[in-house]
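Encoded as structure tokens, the structure appears first; notes follow it.
Each reported figure results from applying straightforward, stated rules to the coordinates on display, with no laboratory input. Keep in mind that this is a model prediction, so the values were computed, not measured. Using ideal geometry, Cβ is built from the backbone for each residue, glycine included, and neighbour counts are taken over all protein chains shown.
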Amino acid sequence: MDASTRTKSRSKKPQYSRFTQQELPAWKPILTPKWIITSFVIIAILFTPAGLLCLWASERVVEIIDRYDDDCLPDSYSTDPDSFIQSNNTNKTCVRTLKVPRKMTAPIFIYYQLDNFYQNHRRYVKSRSDKQLRDPDEADETEDCKPINGNDDGPIVPCGLVAWSLFNDTYKFFKGNKAIDIDKKDIAWESDKKYKFGSNVYPKNFQNWELIGGGALDESKPLSEQEDLIVWMKTAALPTFRKLYGKINTDLEANETITVVIQNNYNTYVFGGEKKVALSTANWIGGKNDFFGISFLTIGGVCFFVAINFILLYVLKPRPLGDPSYLSWNRNQGAQ
Amino acid sequence: MAFGRHERVQFSKIYSLSCFRPSTRDEHGQIGQKGYSRVVYCNDVDNPEAVQLRYRGNYVSTTKYTAINFLPKSLFEQFRRVANIYFLVVACVSFSPLAPFRASSILFPLLLVIGATMAKEGVEDWRRRKQDIKANNRKIHVYRDHSFSERKWKDLRVGDLVKVHKDEYFPADLLLLSSSYPDGICYVETMNLDGETNLKLKHAFDFTASLHDDDSFRQFKAVVKCEDPNEDLYSFVGSLSYNNNQHPLSLQQVLLRDSKLKNTEYVYGVVIFTGHDTKVMQNATDPPSKRSKIERRMDKIIYILFSTLISISFIGSIFFGIRTNRDLNNGSYRRWYLEPSRTTALYDPKRPALAALLHFLTGLMLYGYLIPISLYVSIEMVKVLQSVFINQDQDMYHEETNRPARARTSNLNEELGQVDTVLSDKTGTLTCNSMEFVKCSIAGVSYGRGMTEVELALAKRKNVEQLDAGNTSNISDDHAVKSRKSVKGFNFWDERIMDSQWVNEPNSDVIQKFFRVLAICHTAIPEVNRDTGELSYEAESPDEAAFVIAAREVGFEFFQRTQTSISLHEFENGKTVDRSYELLNMIEFSSARKRMSVIIRNAENQLFLLCKGADSIMFEKLSKESQPFEDQTKNHINKYAEAGLRTLVVAYRPLDEVEYKTWEEEFLNAKTSVSVDRDSLIDAAAEKIERDLILLGATAVEDKLQKGVPECIEKLANAGIKIWVLTGDKMETAINIGYACRLLAQGMKQIVITLDSPDIKSLEKLRDREAIAKASRESIEKQLREGRSQIDLATSKSSSVLFALIIDGRSLAFALDKSLEELFLKIAVDCSSVICCRSSPKQKALVTKMVKEGTRKTTLAIGDGANDVGMLQEADIGVGISGAEGMQAVMASDFAIAQFRFLERLLLVHGHWCYRRIAMMICYFFYKNIAFGFTLLWFEAHASFSGQPAYNDWYMSFYNVFFTSLPVIALGVFDQDVSARLCLKYPLLYQEGVQNILFNWPRILGWMFNGVLSSMIIFFICKNSTIHQAFREDGHVIDYEILGVLMYTCVVWAVNCQMALSINYFTWIQHFFIWGSIFFWYVFLVIYGYINPLWSTTAYRVFVEACAPSPFYWMTTFLVVVSTLLPYFLYRAFQTRFHPMYHDEIQRRRSEGCEEVSPGELPGRVKDKMDHLSERMKHSHREI
């Protein structure tokens, strides 16, 4: 008896627990025909209305897009757009008329759209100094901005290629002869204005370089209030992008004609880019976006199709349960 | 390749290490020369000459690292992996402007991964260190300053005199001086060295045996000259000079460290080897490192990924070069906003080739996410945890020996699921190696009514009707006998012998002599249990114990042994008398001699030589005349062998005084000679006396099959695993054992290859070696070809006849020859079972090697003894049985189990699971990294291949570490396709591993393709749905930051849901890890978004402010995730319908309720438990 208790206390028998014995309660779903069909049906049921909803929402968005870069180039310069855009003496004002197809309810967002413009190029994206933008004491932090970092007059604020290439076309909108107010407030993200661009950082030495890139800045306004710059410096993900220019806070009625007076300053000719101005309303889904709804519908449709096929398959040719003769190695062994 | 070389080195090592190395006896002459230069000044540690020798102390360290070298050494180990070097280089380059990310974000995961691995190494080493500290601080009595005082083990020095008490371990290798016994013997248990539990006898020299009291050591001075430290446990060469005399030392005088003093109150000894010089430490080598096939294939996948990485970087850089080149257009710069006129070489349109080259390096870093940095460390962690599960499995715990299964290495877990051929030892592996005396043949009469398991199997085979009437009655008796009395090692029952009835037998004098020989001619030691007064025996082999026990049960109880005598209680004329026999000489057993003899003088002053040995030798030694029952005995021996029993022949010879005297002189001379040919001298002397023997009879002991062996073998065979048995037994025994353990079945066609043909035998008589060899080879070739044609014939008729190949050791030697090997292997592979009998340890290893290299499939060798070590190390997986025969096999093994039957669970359950887990884990690992890495490439294509990553640096660094790694680990540790019960019920499931269908190239490439597909779906849906319009009601558009978050969210969701979709086993752990990882991504995004924007840069408040309020963001996530999963789901839906895998079938059966436990059938665990209980009850009955 003594010996047995002693051996017991020294027993190396593994302790029983559901964990160590790998017997934890588990949910073991498997792909039964029921599951397969149900999941395809569910996806189809979810996606089809979602797609329709998105399409409907997208359909309700009214969008006016106008490409103006070519049309705003005087014919005399059509072979040499470069000299037109780089000259200080050419008249860059350009007038476009747009027709409102349907009623647009405020707020109407004004965008400029650039094409073939690589704001996501590594050299471009890196060429900025976040420190400098936040803090006037860090104005010298321009290492990343080269070559647009400074000159004899001191560091450039804001430095770097991004700021330097600031978009500088301007738009004015008229309904008949009456100018439409453009609200340029709150076109940038709140957090950018508050935390990334200092309210006590003022542009310095900007566009003062031998090469002038894009637009200039008002040196009396702190960066946090230069919303155009903030919007521009939020680099776009893809080479075709829109950026918010402003908002129109009045409704535009259907079939109204709007005149846009454009200052065509920004050079996209040299790299073969396009410039567009876009007016768009937005709802819960954002702007006009048919792809989204179509995708939903496509996936829903595919699933519906597959579900039907599987149902037919299982109704017409149900598979006998667990027949191991399906297995390849069984067949091989039989042949031996 | 380095790996291949490593393996070869291992192989060559086996033979030099193992015990069957011939001992060279000419070594005594070399003392003092190279390799034999050690000098020990006994009891004189402060002798200036001794100090000068600077032998190591007794401090032992088994740790891999020390505090100082830990960092460099473990780092070096880490960076031996190609992938880690790549990441290190990337981390170094990341400080240059080439890097697409911040250096810290590259360094962090690398440091984390390296740190985790190093921490694991450190913890393991710390455990070893703690053991070392314990060992080093054990206490020992050491003679210093003329008295014995207690000191720590580590303070011992060479030459110290120590006193070791009963049941203490020897602290170092000692030279035995004297013991509590007057004749200076002591008993030693060497369990820790070779695992043998029997006691070994050690002798001190007569002239030192008198050293006893502390005072006598005062004057004791001696010098030992001996071999240098080496790992050979079975030889020792040295000499002791004492009082100006030289005495040769042998292993008889050496007590090895870590063995234990037994049955002896105390011994005195001199330290000759300390610390790492001791034999046990010299033997402590790590088990050979083996790598699994999956891991080797994984390396290839890594190479594929590396080439993918290089090629996409290359393509990227070409495009980048073109784009950059195009920026310079007839002297004017096109993309002016990049300011190409003043740029570094990285983007210089004037030197596009250079820019492209540099970009290539950037690309290598950018797409580095294709190489899963955490793969190795994850796999390692997973395997360790898998091993824990193997160790913890209650169903592989053996109650009787108190031994759980042990995974000694975690490298090979998944290899367990791919075993194609099992090569098994027989004795101790299939059988218990606890011998039971069941039959004997005395004076030509066979005694013993018991039926062996083999006989039962034979009976089944031959149909019951054919049995003679006498035997059938025995079967019914059998149970009655067993319940009446049960003695371990004794399963003999015969009313003619037992209960002293033998005296009434016609040949009672022969019977008396027979059992007397069994009681005297052995090396066992009696042990009296103090509490019960019961006698038990410590014997060198279980056979021997069985004989002594049998003699006792019949009435010849051996109860005392001294150096010179053996005493028995003998039953004579109806009463018990004590008899003592003077033990004059003992000629020990050796595998070459195959016999042992003792020469005794009885009370009547008669001299006898008592001898027992293998039949093949013994019949030659019998005297030519008057062997009245030689033929009957031979007959019986053959019958016994057929019944699967081990037989020995027992004989004796009366000696006359004169002959003995002359012989003894010669024998003593031979024994004391130190010349080269001492062994052959002894053999020659023995040969002279061991002749003209008079036959008494033969014994038969049964080596019982282990519990559950036939069932296990049947299961393994059903699982499609081929089983080869490699045994040293006779062919008949082997075949019968084969039937008993269901390796051979009734319908099987046997192809027997042997050299026992009359032609060869007649050639052998001519003793022309070359002719024999030539004829043998031809005969083997002919037999092999015949076998081949038989198989071909059966195959062509497409009949389902199964073949079994049986080959004996001598034929094997020829069959393993280069020219015949291929033919042999081809036949062997086509046979469902193979038995190699009479095979030597070396042949076992060679066969293993041949199977491994010939079939290129996974081999598993299982064995329990030192003779299996070569085989275990040669096989892909070595499984040691931690049974009675010691720990040597276990030490050389990768897995240790207590019983053969656990192999079933180890392979079919754990092996299958581990294989599946690791295979799926690796596939999934590559999937998730490709899915992620390729989104970067697609984004690149839209960023003019400039090397701008799509995501924030830290999202990427955390990808492998936090957002996707834990679910994979959960998969690797916990996933089960079907439960353990079903794994065992459907053994064919195991073929998934053997055929490697979960990790074949189509599947791997399929997963990779799925990864690329996922990345495309993710990127292109994200891109097209967000292209330029507003994504919120307030008119904001998607920018670089938001697209990054959106895509990354989709990736995290998609890969985690892909995981959820591809497993079908969810415990709370899987749920927690999968959904937790997704949830953690959002948590991370929120927290990271609130860190100072200088740190979080593009992630600053991006989720809270921009993404979370936008329904578009959530809907895109939903759309993308569903679309990404759809291809795989469709594939699986079609697969389960049209081409289901075996586990799909079983899962379906289970889910449809076909696999409920029927009320009649108890689950395995409960049944086992009940078996145990009933067995325990039986035991307690016996004790009462």
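Using only DSSP helix segments of four residues or longer, with each worth -39500 (n - 2.57), what per-residue ellipticity at 222 nm results for chain A after dividing by its residue count and rounding to 500? Walk me through the numbers before you get to the answer.
Working: 9 runs with 99 residues, N = 336.
Helices in chain A give a 222 nm mean residue ellipticity of -9000 deg cm²/dmol.
Relative to the Cα centre, what is the charge dipole magnitude of the protein assembly as shown, using +1 at the beta carbon of each Lys and Arg, -1 at the beta carbon of each Asp and Glu, and rounding to the nearest 20 debye? Before the final figure, lay out each step's value.
Values: 180 positive and 181 negative charges, 592 e Å.
Dipole of the protein assembly as shown, to the nearest 20 debye: 2840 debye.
Going down the list B:671/B:730; A:99/A:196; B:782/B:849; B:639/B:661; B:73/B:134, which pairs span over 29 Å between their C-alpha atoms?
Working: B:671/B:730 33 Å; A:99/A:196 39 Å; B:782/B:849 24 Å; B:639/B:661 40 Å; B:73/B:134 25 Å.
From the list (B:671/B:730; A:99/A:196; B:782/B:849; B:639/B:661; B:73/B:134), the Cα-Cα distance tops 29 Å for B:671/B:730; A:99/A:196; B:639/B:661.
At what distance in nm do the modelled label points of residue B:85 and residue B:588 sit from each other, each positioned 7 Å from its Cα along Cα→Cβ?
Those two pseudo-labels are separated by 5.2 nm.
Residue B:513: which lysines have alpha carbons under 22 Å from its alpha carbon, excluding same-chain residues fewer than 8 sequence positions away?
Residue B:513 reaches B:439, B:575, B:594, B:612, B:621, B:624, B:634.
For residue B:357 and residue B:796, calculate 0.36 nm times their separation in residues minus their Cα-Cα distance, and state this gained length in nm to one decimal. Write out the running numbers ahead of the final one.
Values: separation 439, 0.36 × 439 = 158.04 nm, distance 6.20 nm.
Computed gain between residue B:357 and residue B:796 is 151.8 nm.
Given R₀ = 60 Å, what would the calculated FRET efficiency be for residue B:145 paired with residue A:283, taking r from the Cβ atoms and rounding to 0.05?
E between residue B:145 and residue A:283, to the nearest 0.05, is 0.05.
So, R0 is 35 Å and r is the distance between the beta-carbons of residue A:179 and residue A:87; what FRET efficiency does that work out to, to 0.05?
Calculated value: 0.80.
Modelling each spin label as a point 7 Å along the Cα-to-Cβ direction, I'd like the residue B:104/residue B:344 distance in nm, to one decimal.
The answer from the label model is 2.0 nm.
How large is ³J(HN,Hα), in whole Hz, for each residue of region A:206-213 in order, when computed from phi with the Karplus curve 6.51 cos²θ - 1.76 cosθ + 1.60 and θ = phi - 60°, using x for Gly and Pro?
Running phi through 6.51 cos²θ - 1.76 cosθ + 1.60 with θ = phi - 60° gives 7, 6, 10, 8, 5, 9, 9, x Hz.
Across the residues of B:386-395, average count of Cβ atoms on other protein chains within 10 Å?
Average per residue, whole number: 3.
What's the extension gain from residue B:774 to residue B:1134 if we count 0.36 nm per residue and subtract their Cα-Cα distance?
Taking residue B:774 through residue B:1134 to full extension adds about 123.5 nm, to one decimal.
Return the average number of partner chain Cβ atoms within 10 angstrom of each residue Cβ along peptide B:1122-1132. Don't jump to the answer; show the numbers that get you there.
Values: counts 7, 7, 0, 2, 6, 0, 0, 7, 5, 0, 2.
Across the residues of B:1122-1132, the mean count of other-chain Cβ atoms within 10 Å is 3.
Given H placed on each backbone N at 1.01 Å, which residues far from residue B:144 in sequence or on other chains put an amide H within less than 5 Å of it?
Long-range HN contacts for residue B:144: B:149.
Reachable aspartates and glutamates from residue B:797, Cα under 19 Å, same-chain residues fewer than 8 places away excluded?
Filter leaves B:786, B:830.
Computed from the mean reciprocal separation of all distinct C-alpha pairs, what Kirkwood hydrodynamic radius does chain B have, in Å?
35.1 Å
With +1 on the Cβ of every Lys and Arg and -1 on the Cβ of every Asp and Glu, and nothing else charged, how large is the dipole of chain B about its Cα centre, in debye rounded to the nearest 20?
4240 debye
Using the count of nearby Cβ atoms within 10 Å as a rough guide to exposure, how do B:399, B:227 rank from fewest to most?
B:399, B:227
At 0.36 nm per residue, and after removing the present C-alpha to C-alpha distance, how many nm does the segment from residue B:746 to residue B:819 gain when stretched out fully? Walk me through the intermediate numbers first.
Values: separation 73, 0.36 × 73 = 26.28 nm, distance 3.29 nm.
Result for the pair: 23.0 nm of gain on full extension.
Calculate the FRET efficiency for residue B:656 and residue B:241 from the Cβ-Cβ distance with a Förster distance of 45 Å, rounded to the nearest 0.05. Before the final figure, lay out the partial values.
Values: r = 41 Å, r/R0 = 0.91.
After rounding to 0.05, the efficiency reads 0.65.
Quick check for you: which residues of region A:56-72 have the amide N under 20 Å from the point 7 Å beyond the Cα of residue B:329 toward its beta carbon?
A:67-72, by backbone N distance to the label point.
Determine, for B:732, B:414, the number of other Cβ atoms within 10 Å of each Cβ, and report the residues in order from fewest to most.
B:732, B:414
Order of B:1080, A:173, B:273 from fewest to most other C-beta atoms within 10 Å?
B:1080, A:173, B:273
What residue among B:223, B:994, B:337 has its Cα farthest toward the positive end of the dipole of chain B, where the charges are +1 on Lys, Arg and -1 on Asp, Glu, each on the Cβ?
Going by the charge dipole, the pick is B:337.
Quick check on packing: order B:1110-1122, B:933-945 by the mean number of other C-beta atoms within 10 Å, highest mean leading. All intermediate terms of the calculation are to be shown ahead of the outcome.
Values: B:1110-1122: 20.8, B:933-945: 23.1.
With the highest mean Cβ count within 10 Å placed first, the list reads B:933-945, B:1110-1122.
Can you list the HN-Hα couplings for region B:500-508, worked out from phi with the Karplus curve (6.51, -1.76, 1.60; θ = phi - 60°), rounded to whole Hz and with x for Gly and Pro?
Working through the residues one at a time gives 6, 6, 4, 4, 8, 6, x, 9, 4 Hz.
What's the average, rounded to a whole number, of partner chain beta-carbon atoms within 10 Å of each residue's beta-carbon in A:127-133?
If you average over the peptide's residues, the count of other-chain Cβ atoms is 2.
Evaluate the charge dipole of region B:77-203 about its Cα centre and quote only its size in Debye, nearest 20, assuming +1 on the Cβ of each Lys and Arg and -1 on the Cβ of each Asp and Glu.
About 480 debye.
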